[in-house]
Structures are given as structure tokens and as C-alpha cells.
Amino acid sequence: MTPDEALAATVREEWGRLVALLLAQFRRLDLVEDALGDAVEAGARTWPRDGVPDRPAAWLLTAARRRVLDRLRAEAMAARTRPLLVVDAEVAAALGSVRADPGDLVDDDVLRLVLMCCHPALAPEVASALALRLVVGVTTADIARLFLVPEPTMAARVTRGKRKIVTAGIPFGVPDASALPERLGVVAQVAYLAFTAGYAPGSGPDLLRADLSGEAVRLVRVTLALRPDEPVLRALLALLLLQHSRRDARVGDDGRLVLLPDQDRSRWRLDEVDEALGLLQGMPGAVTSQLTESYRLQAYVAAEHATAVTASDTRWDRVCEHYAALAALNPSPAVRLAAAVALAERDGPRAGLRALDDLDGALPHSHRLPAVRGELLARAGEPRAAVEALDVAIARCGNDVEREHLTRRRDELASRRE
Amino acid sequence: MKRYVILIAYRPWDWSSATPEVRQSYVDAHDAFQQYVDEHGAHLGSAALGDADTATTLRADADGARMVTDGPFAELAEQIGGYYDVELPDLDAAIAAARLLPPAYTVEVRPVIRIEG
């Protein structure tokens, strides 16, 4: 491995832990990230010359610490609030208080970092960006690319988030045990937001952005590793893994969308499916929270698809049961739409179409609703009505690959004679 | 310690028409809040404010002329009814304290910033 590769690998694997350790010591989010960035730059300069250090992460940590202390010293000088001797003594004390880092302490610090980034006082898209930046170590440029916003916009979002943390006093800490499940639920929602942005991006040229989904999976993994029994995290990771496992099959070699029933199942990542099923099996039986149940039921649906050898083996009756339970819990329009699709598979297109009738008001801008309606109308033997519905879908669809697929389907139906 | 101003907003209602039990519940809630603040930080100041219809607003119009008008600066269903100025360790503490206030309130927690002279 070249020094550059070693540096990149260290940054990739260790960023969250390094940020957390520095925050635990210095509590200055504004200084910590800059210092770590400087340390990485220093590594990029010196490792090729001096060789990769034996303990690369420790090297970065030490380099970052020195820079934080330098900045603290400079701030104290500028404030001129204390004489030089006292400042030096404080700096020495700070250096001396460097504790050895047994695994537990580091882990707790990473959990503190996750909870800080995913605090409910931060707007969800800000929390997602901060979590990816600070816990997973994704660069701002890459986060911007992943969420399809301009880099300055994303940089401003991250800066705003950090400023809110500092100014509003969002703590670097773990709340009471009683508050922890709810806070981990927020972490789950932040991760889910990031995952969905990658799994089904609403706009742009890519059908999916597997990198973003992968980072979201990593975020959940990091948090779950710190709290392995937390039901909401287990259920969410299972759900994400099941959806993520299909990533290599969702786009054909020609760049076109491949629907679930048509996907080459040999391209599904079965190791991830197995891991997800294991997570689901190990979950407590009792109902824990609405959010956990929602993820669990969605995971069960995904599991039905993942364990069907071919599309026609899918147990639609079970899928319908899970959706019924999900709708009872959370009758959101998105759930009801998915339930209508399952209903159509089990009971035929007319049943599905009837289920769609009430949804127009709730989903006025959705392209998926008219797309599903079009598909069911085609199956029900009404190609003209199907074309009309697909036209609506095409007009509303923001994603290039999905739109191209819908257009092809529409053209195919329009060319048939009634 | 961080300094926060905790702004209390609610839909105007008739305190005089509340039952003694309801009034006591409000008093208890404020007591619980102040006790929490005393235990975890410091209470710097507070006030209950007259309702929004007792407010007077000074505002510059398009030409820059300052006008005095009757009423609050923003017409909202909920209006600011009081504030606490407190010192507490962090935002979670401020939120924990705010939770003790009556649930009918909408509470805004705003950090106080120091203007460097």
C-alpha cells in the first residue's frame, strides 16, 4: 500500500474515532475538525518522505492534538486574559491529561459524537450531513455529490450545523438511559434519510447512488456496534441491508432500470441478506416503539422478496399481511401505495386499482402513484387509460432513469391496438 | 455554563376563568422549572408579560418613517407571554427544564450570545 493509500484508508476507517477522541478531550468542535484536516495534510506531505507510521491513527491523533493546543494557546494570547506562565501550565496539563484509550472509552466517545450529530435540535438534512461528515468521514464534496446539491450549499449546511451545535450548546454526551432509546431513534431516522437519498434519489441521472446508501449503512453499523441490543437499530440495519443487497441488480448493463421481478437474483448480495435475517431473528419479541415496528415490518416485506428464489415464488399473501400491520401502525400514503401494489399481486389488478383510488389527494405530486395505476390498468386490459396514467407519471418524474423507463413502457402500450 | 433565554408562547386564554386546580398546576410547573434551574445552573431573570393586545410596536415604514402602532410585532396565533433568562450546562439541560413547564406552552430555547466589544 502506498503512503497515500494508507493515509486514505486510515482516514476512511478511523475518522469518527479520531473526531470523537479529540472532542472528548477538547470539546471544541470548531477547532477539532480543522486540526484533524491539517494533520491529514501534514501526513500527505510527510508519510511519502518518512514512511507510513507504525500506528497511523495515533500519528494523526497526536498531530491533530498539537494543532488544537497551538490554536488554544493563540486564542489565550489574543484574549490576554492570563499571563504567559499560566497559559503554558494549562497547556501542559491538557497534554498530560491525555488518557490511554481503552476500547470502552473510545466507543463511548464515538456514541457521544453520533448522538451529537443526530440531535433533534438539528434539522434532519443537517444532521445527515454532519453524521456523514464527522462520524463516517465523508468529505463535504462527496456528501454534496451524494445528495446532489452544489458543494457550497453542502459546505454551508455543514457549517450551519456546527455553528448551531456550538452556539446552542448541543452537548457532546450520552443522555440518561431513559432518553437513549428515543435519541437512537433519531439517529435511525437520520441514517434512513441518508440511505433513501441514495436508494431512490428523486432527481438526477442515477437510478441509485450506492455509495451514499453504503455510507448510511456504515453509520448504522457504527452505532449498532456501540449498542448491539438496541431494537430500533437492529430493525433498521436489517431493512437497509435487505434493500441495499439488491444494488447490483437494479440497473441493467445498458444503464436502464430493472424492476424487482426482472432482476437477476444472482446479483443480489446474499451475505447481506443472511446478515439481515440474522438481525431480525435476534430481535426481542415484544413491541418496543412505533419506529422500530415500522422498520421491522418493512424489513419483513423486504425479506419476503429477498428469500423468494424467483419472483413468482414471492409469498404475496405474507407481504399483504405485513403491509396491513404497517398501515395499522402508520397509514401514510407511501405505505398505502406499496400495500396497493401487493394487493394487486395477490388479488389481481382491479383490487389494486380500487386501493389506489383514495390516494390521489394524499400524493398530488407523486410520480409513483400514476405509474402504479398505469401498470395495473395495463394488466387489467385498458391500455389507453394506462397510457394516460403513465403520461402523468412521466410529467411528474424527476429521476432520469425512472422517467426513461416509464416513457418506454408508455410508448410500448400506446403502440398496441385496443 | 451557557446562557439561554427561554421564551414562552401560547394562545391567549383567560387565566381568570381557569379552575383553581388548573391554576395550581401552572404554578407547580413553574416551580418545578425554577427548582431545576437552581439545581443545575442559575436563574438570571424572568418576567410574565402582558398579553399581546397590550403591546405597542415601533416600526419603520417603506420610507423610513418610524410609526407607532397598537399590537405585537407579528400577528400569530401564539404570542410570547413570558421569558426566563437562565444559565444551564447545555441544550439538553435547557430542554429538560423547558419540559417541566405547562404542556400548553410552546417554548423556544434561544442561546444568548456575547457581542465582542
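The values are calculated or read from the model by the stated rules, or taken from the named source; none is laboratory data. None of the values given here were measured: they were computed from a predicted structure. A quick note on method: Cβ atoms are made from the backbone with ideal geometry, for glycine too, and the neighbour counts reach across all protein chains shown.
Observations
- Residue A:135 meets all of the listed conditions (1) buried (at least 24 other Cβ atoms within 10 Å of the Cβ); (2) more than 15 Å from the chain's Cα centre (by Cα) but one, namely (2).
- Residue in segment B:39-48 that is under 16 Å from the mean Cα position of the chain (by Cα), among the small types (Gly, Ala, Ser), over 25 Å from residue A:168 (Cα atoms) and away from chain A (no Cβ under 14 Å) present: no
- In the condition set (1) away from chain B (no Cβ under 14 Å); (2) farther than 21 Å from residue A:31 by Cβ; (3) free of Cβ contacts under 8 Å to residues at least 60 places away in the same chain, residue A:121 is compliant with all but (1).
- Residues of segment B:68-95 that are β-branched (Val, Ile, Thr) and exposed (fewer than 15 other Cβ atoms within 10 Å of the Cβ): B:68, B:69.
- If you go through segment A:243-255 and keep only what is of a type outside the set (Ser, Thr, Tyr) and crowded, with 17+ Cβ neighbours inside 10 Å, you end up with A:243, A:244, A:246, A:247, A:249, A:250, A:251.
Here is a yes/no grid of residues against (1) at positive phi; (2) in contact (Cβ under 8 Å) with a residue 60 or more places away in the chain; (3) surrounded by fewer than 17 Cβ atoms within 10 Å (Cβ to Cβ):
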| site | (1), (2), (3) |
| --- | --- |
| A:141 | no, no, yes |
| A:150 | no, no, yes |
| A:154 | no, no, no |
| A:160 | no, no, yes |
| A:164 | no, no, no |
| A:170 | no, no, no |
| A:174 | no, yes, no |
| A:183 | no, yes, no |
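- Boolean, residue A:370 is over 19 Å from residue A:246 (Cβ atoms) and over 29 Å from the mean Cα position of the chain (by Cα): no
- Looking at B:42, B:55, just one residue is touching a residue at least 40 places away in the same chain (Cβ under 8 Å) and either surrounded by 11 or more Cβ atoms within 10 Å (Cβ to Cβ) or in contact with a His (Cβ under 9 Å, 6 or more places away or on another chain) (or both), and that residue is B:42.
- Looking at A:38, A:70, A:34, just one residue is surrounded by fewer than 16 Cβ atoms within 10 Å (Cβ to Cβ), within 28 Å of the chain's Cα centre (by Cα) and assigned to a helix (DSSP H, G or I), and that residue is A:34.
- Count of segment A:247-258 residues which are free of Cβ contacts under 8 Å to residues at least 60 places away in the same chain, out of contact with any strand residue (DSSP E or B) (no Cβ under 8 Å at 6 or more places or on another chain) and not in a helix (DSSP H, G or I): 3
- Any hit, segment A:58-67, residues being modelled with pLDDT of 90 or more, farther than 30 Å from residue B:116 by Cβ, out of contact with any helix residue (DSSP H, G or I) (no Cβ under 9 Å at 6 or more places or on another chain) and exposed (fewer than 15 other Cβ atoms within 10 Å of the Cβ): yes
- Within segment B:70-92, residues that are within 14 Å of another protein chain (Cβ to nearest Cβ) and under 11 Å from residue B:6 (Cβ atoms) sit with their Cβ atoms under 7 Å from residues that are in a strand (DSSP E or B) and aromatic (Phe, Trp, Tyr), at 6+ positions apart or across chains, in these pairs: B:86/B:4; B:88/B:4.
- Of all residues in segment A:170-202, those satisfying the criterion of being of a type outside the set (D, E, K, R), within 14 Å of chain B (Cβ to nearest Cβ) and in a helix (DSSP H, G or I) are A:180, A:186.
- Those residues of segment A:375-391 which are under 30 Å from residue A:147 (Cα atoms) and surrounded by fewer than 19 Cβ atoms within 10 Å (Cβ to Cβ), in sequence order: A:391
- Test for residue B:63: is it at negative phi and more than 18 Å from the chain's Cα centre (by Cα): yes
- Pick from segment A:203-242, criterion at pLDDT below 80 and part of a helix (DSSP H, G or I), ranking: surrounded by the most Cβ atoms within 10 Å (Cβ to Cβ): A:212
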